[in-house]
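One structure is given here, and the rest of the page talks about it.
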């Protein structure tokens, strides 16, 4: 059994069903070994998208996603995606190729100091030095990726730890005893090479796959923590619950969380991975005017939500009492010390809290719902048809009406995507994927790839801006080859609008923010997918129905929607 096969068997042991990769000679034994064991190997067109796909699988299943990339530029290409996973607190394992152990630092192909580069961007990084280290290193990697605050880990796998011993020895040029050295220098070299090879492969036959999987350690709340929040809620008349991605770290418990939030009876705002938790319609869920609701509230619960720029660094909460529940000690106290700080898994805490408290806040909920309806009515007033192009608000209202209840939405863009967040209603838990706090453009195809593999029965949509689409449309080749019928909707206004709107106002220049009304749908067609350019709402309606039909037939689709310029989000710059 070679090192690649040992890795594959360890992945299988940990429940890994998909391995994302872009081929490279350094790592071929890993993905060949995985395929031979029945792990589905998905080869992407860019290493970043392999990591984004692994990230999505981790978020949707709770099992660390795994990507394998080749040495040097293969690894450098993953940095943005790895850092995005780190900041989004997604557990994943990145396997990176590396120079042969005997040649490290001697100028071999693609040999760079990968460890120094990766360590600042992951929870933990390790280099395998001997074949017998593979299993214990990966066992530790899977545990660390999941424990405490989840995140990515990196394991460097030198090429000579992955291939068969006989082949590696032939690469080394290790001579047999039948070919005696001709001089002292050659004798010393042969001795060194043989000694290195013996150490590299020592005890490889004693690899133990039966070591029990160590369960990751996560912080837990106490009964006193629950009692402290219950006492606060009993006194509150206008409590507010804000749930973020940090409360969705265990997808297997997402439906108990849904029940718990429903039982608590507290009006709730959802963000990030929590979008869709309560379904399409729920009396407790508010979608608009969160800032105003916070200002009127008399007690706020932040569940997996830090006081970062999204809450104006705590200024939205101001002097109001609030409880923060977070796995991260840093996020727990970020920018503002909570009245009650609970270092725990927010999901577990809310489930426990619902077992001790069920509230009734009818008048407060009604006040917020009236405001929500007024905001929706205000949006509807902006649905007027523009002289040319499609009103993006009308586009999303149409999509929401025609969208199946079995849908996953992937958000990848700026202005167009942010508009969708006001108008689209995710249908169920785990049905919304966005990059998270890093705000990374380019997650679209990778996230959709992972989502379609995890939920093959669901329609998966990428909501692309025309700017962000440029990062990953080549993955339509991957969608076609692997028979993954993803639907993309590109909001094409020939501009990086989120940047342009304020740049033109403040700096009086459109430098570097202008694009063209390009025929993006042709990229999909070039790979065997389908697509259409649409320039009015009626065309969008009929094309959306066609895309849904094609998806059922196994054909990926791109809708290139020419949209009108919009001031809907004017003044929304973040810093």
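The values are calculated or read from the model by the stated rules, or taken from the named source; none is laboratory data. Predicted model only: the values in this text are computed from it and were never measured. Counting neighbours? That spans all protein chains shown, and the Cβs are built from the backbone with ideal geometry, glycine included.
Tabulated results
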read-out	value
Conditions (1) under 28 Å from residue 58 (Cα atoms); (2) crowded, with 16+ Cβ neighbours inside 10 Å; (3) touching a residue at least 60 places away in the same chain (Cβ under 8 Å); number of the one not met by residue 126	(3)
Qualifying residue in the range 453-463 (condition: in contact with a strand residue (DSSP E or B) (Cβ under 6 Å, 6 or more places away or on another chain), modelled with pLDDT of 95 or more, part of a strand (DSSP E or B) and surrounded by fewer than 24 Cβ atoms within 10 Å (Cβ to Cβ))	yes
Only listed residue being part of a helix (DSSP H, G or I), at pLDDT 95 or above and under 21 Å from residue 65 (Cα atoms), chosen from 469, 445	445
The range 527-550 - residue that is in contact (Cβ under 8 Å) with a residue 40 or more places away in the chain and farther than 19 Å from residue 396 by Cα and, of those, surrounded by the fewest Cβ atoms within 10 Å (Cβ to Cβ)	528
Residue match in the range 18-31 (condition: at pLDDT 95 or above, within 30 Å of residue 330 (Cβ to Cβ) and outside the structural domain of residue 252 (by TED's automatic domain parsing))	yes
Count of the range 202-214 residues which are closer than 30 Å to residue 349 by Cα and either touching a residue at least 40 places away in the same chain (Cβ under 8 Å) or surrounded by 11 or more Cβ atoms within 10 Å (Cβ to Cβ) (or both)	2
All positions within the range 210-252 that are modelled with pLDDT under 95 and not in a loop (DSSP other than H, G, I, E, B)	252
Those residues of the range 312-322 which are surrounded by 19 or more Cβ atoms within 10 Å (Cβ to Cβ) and in contact with a helix residue (DSSP H, G or I) (Cβ under 8 Å, 6 or more places away or on another chain), in sequence order	316, 317
Top-ranked residue in the range 422-438 [being under 23 Å from residue 380 (Cβ atoms) and touching a helix residue (DSSP H, G or I) at 6+ places or on another chain (Cβ under 9 Å); ranked as surrounded by the fewest Cβ atoms within 10 Å (Cβ to Cβ)]	422
Residue within the range 78-101 that is in a loop (DSSP other than H, G, I, E, B) and surrounded by fewer than 19 Cβ atoms within 10 Å (Cβ to Cβ) present	no
Residue within the range 55-65 that is touching a helix residue (DSSP H, G or I) at 6+ places or on another chain (Cβ under 7 Å), surrounded by fewer than 23 Cβ atoms within 10 Å (Cβ to Cβ) and on the phi > 0 side of the Ramachandran plot present	yes
Which numbered condition residue 397 misses (of (1) buried (at least 20 other Cβ atoms within 10 Å of the Cβ); (2) within 22 Å of residue 533 (Cβ to Cβ))	(1)
Among (1) crowded, with 19+ Cβ neighbours inside 10 Å; (2) over 21 Å from residue 473 (Cα atoms) - the single one residue 407 does not satisfy	(2)
Some residue of the range 43-53 being surrounded by fewer than 19 Cβ atoms within 10 Å (Cβ to Cβ), in the same structural domain as residue 123 (by TED's automatic domain parsing), more than 12 Å from the chain's Cα centre (by Cα) and within 22 Å of residue 484 (Cβ to Cβ)	yes
Total residues in the range 472-500, condition farther than 22 Å from residue 39 by Cβ, in a helix (DSSP H, G or I) and in contact with a strand residue (DSSP E or B) (Cβ under 9 Å, 6 or more places away or on another chain)	5
Unique residue being crowded, with 23+ Cβ neighbours inside 10 Å and more than 18 Å from residue 248 (Cβ to Cβ) when the list is 300, 325	300
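Results for (1) within 30 Å of the chain's Cα centre (by Cα); (2) under 30 Å from residue 345 (Cα atoms), shown as yes or no for each residue.
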residue	(1), (2)
186	no, no
197	no, no
200	no, no
236	no, yes
251	yes, yes
254	yes, yes
264	yes, yes
268	yes, yes
